[in-house]
Structure formats: C-alpha cells, structure tokens
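Each value in this text was obtained by applying a stated rule to the coordinates, not by laboratory testing. For clarity, every value in this text was computed on a predicted model and none was experimentally measured. FYI the Cβ positions are ideal-geometry reconstructions off the backbone, even for glycines, and counts take in every protein chain you see.
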Amino acid sequence: MRRRISILCTLFALLLTLNTGCLRNTVFFKEPATIISSNYFAVTKKLPPQLQAKLPTDVVSYNPQQPARNSILPEQFSHIVFDNLSLNFLWTGAQHNLPIDGTTYSAMPSAGQIAKHNGTELTITSEFCEEKLSLIAILDWNNTGSTDWLVAYTFKSLVQPEISKRLLLVRDIQPNTTLTATVLSASECFGNNCQYYTGNSLVEFLEYQPQY
C-alpha cells in the first residue's frame with residue numbers, strides 16, 4: 001500500500017510539473033523542427049557538436065495546410081526578411097555592431113535592385129550580384145517557446161566567379177519588428193577554391209563572437 005501511495009504521489013508531482021511548465025527547458029519538451037527544405041540535413045551536419053546539440057532531435061515535414069507556430073506561415077518568409085531582416089549579418093568586425101535600424105533590403109535598395117518573392121525564398125538581383133535567402137526550417141533554438149528560423153543565404157557575383165554562403169539563425173520571428181541573424185557557418189568560394197568556416201575558424205573570419 002505504501003509503495004502504491006508513493007507511486008501515485010510521484011505521478012501527481014509529475015503531472016503538476018507538466019502543467020506548470022517547470023520542465024519547459026528540458027530536451028524532453030523541445031518541439032520538433034519543421035523542415036521546409038531537405039537541405040536542412042546537409043547544412044546542419046557540418047555544424048560543430050555544441051551547435052548540433054541545440055537542434056531539436058525530432059523533425060517533421062511542413063504541411064502547407066497546417067498553420068505554423070504563432071500563426072506565422074512559411075509563405076510569409078520572403079516578405080518578412082525583405083522588410084524586417086537587418087543586413088548586419090553581412091558585416092564583420094566593428095561594423096557588425098552598428099545600429100540595425102534602417103539596414104533592411106527594403107530600406108537600403110541597391111542600384112537596379114529587383115526583389116523576387118517566392119514564399120519561402122527571396123531573391124535580390126542588382127547590377128553586379130544576386131543574393132538569395134531560403135527558409136530551411138522552423139524551430140525553437142533555445143527551447144523558449146519562440147519561433148526561430150534557419151535560413152540559407154547565398155551571394156553570387158555576376159562579374160567574377162565568387163560565391164559566399166551563410167547559414168543563419170533568425171530568432172523570435174515577430175511581424176513589424178527589426179530582426180537580426182546569427183551566423184552559424186560560412187563558406188567563401190572563388191572559382192574552385194573554397195573555404196568553410198565554423199567554430200573557432202568562423203570567429204576568426206567574422207572578427208567577432210556570434211551569440212549562439
């Protein structure tokens with residue numbers, strides 16, 4: 001009888017903890033990543049172990065008939081990043097810490113800029129280059145209940161064989177607010193010569209410590 005009472009008390013305590021959210025930040029409660037692009041697996045497997053540990057252990061494929069968390073649909077991605085994403089993720093060293101207001105694509109149009117919106121993909125073409133941002137996955141990076149995005153950014157020069165790529169984390173997606181992106185990894189290619197940066201090499205490349 002005493003053992004049965006003990007088990008019942010334990011179950012009651014567990015249910016109380018679940019209802020109050022005291023275990024919200026444990027891995028057990030981390031929501032699955034909603035996969036928008038199959039590139040998710042290729043880009044995340046290159047991350048260092050400490051960043052891979054922050055990824056949800058479970059994944060689900062996005063069903064267009066189902067609303068995303070917080071009613072922010074993946075199809076809104078291209079317009080949100082065009083209007084609200086600060087471009088300070090492109091800058092290194094001290095420039096990265098400059099004020100973010102007024103640094104979006106919509107606020108800083110380049111010469112001959114043409115924006116093509118395609119739901120989960122934004123393409124910016126200007127006189128000398130093409131930039132593309134693609135939504136890879138929706139997740140909760142720090143298990144805080146927020147909607148975060150994994151985003152692939154690609155810069156392609158139209159005048160020389162240069163391609164730059166970034167894997168970005170955009171936290172706490174909210175409409176009508178300026179968003180910032182954390183660089184998780186980077187690559188630089190000139191012709192067939194490519195360099196990949198992550199972990200300590202990424203810090204040296206960016207000349208600042210990303211806040212993961």
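Fully extended, how many nm does the chain gain between residue 41 and residue 203 (0.36 nm per residue separation, minus their Cα-Cα distance)?
That works out to 56.0 nm of additional length.
Please compare each pair in 54/165; 30/132; 30/156 to a cut-off of 28 Å on the Cα-Cα distance and tell me which ones are over it.
Where the Cα-Cα span goes over 28 Å, the pairs concerned are 30/132; 30/156.
Hey, rough spin-label estimate for residue 83 and residue 195, points 7 angstrom out along Cα→Cβ, what's it come to in nanometres?
3.8
Which of the GluC sites (Glu not before Pro) across segment 144-212 are loop residues per DSSP, with 15 or fewer other Cβ within 10 Å?
The qualifying sites are 207.
Sum up the charges of everything whose Cβ sits under 13 Å from the Cβ of residue 91, counting Lys and Arg as +1 and Asp and Glu as -1, but leave residue 91 out.
So the environment of residue 91 carries a net charge of 0.
Excluding residues on the same chain fewer than 8 positions from residue 45, give the aspartates and glutamates whose Cα lies under 20 Å from its Cα.
Cross-link targets: 31, 58, 140, 148, 188.
Identify the chymotrypsin sites (Phe, Trp or Tyr not before Pro) of segment 130-164 meeting these criteria: DSSP loop state and at most 15 other C-beta atoms within 10 Å of the C-beta.
Here no chymotrypsin sites (Phe, Trp or Tyr not before Pro) fit, given the DSSP loop and packing criteria.
Roughly what would the spin-label model give for residue 118 and residue 97, points 7 Å off Cα along C-beta, in nm?
3.9
How much net charge surrounds residue 154 when only the other residues with a Cβ under 9 Å from the Cβ of residue 154 are counted, with Lys and Arg +1 and Asp and Glu -1?
+2
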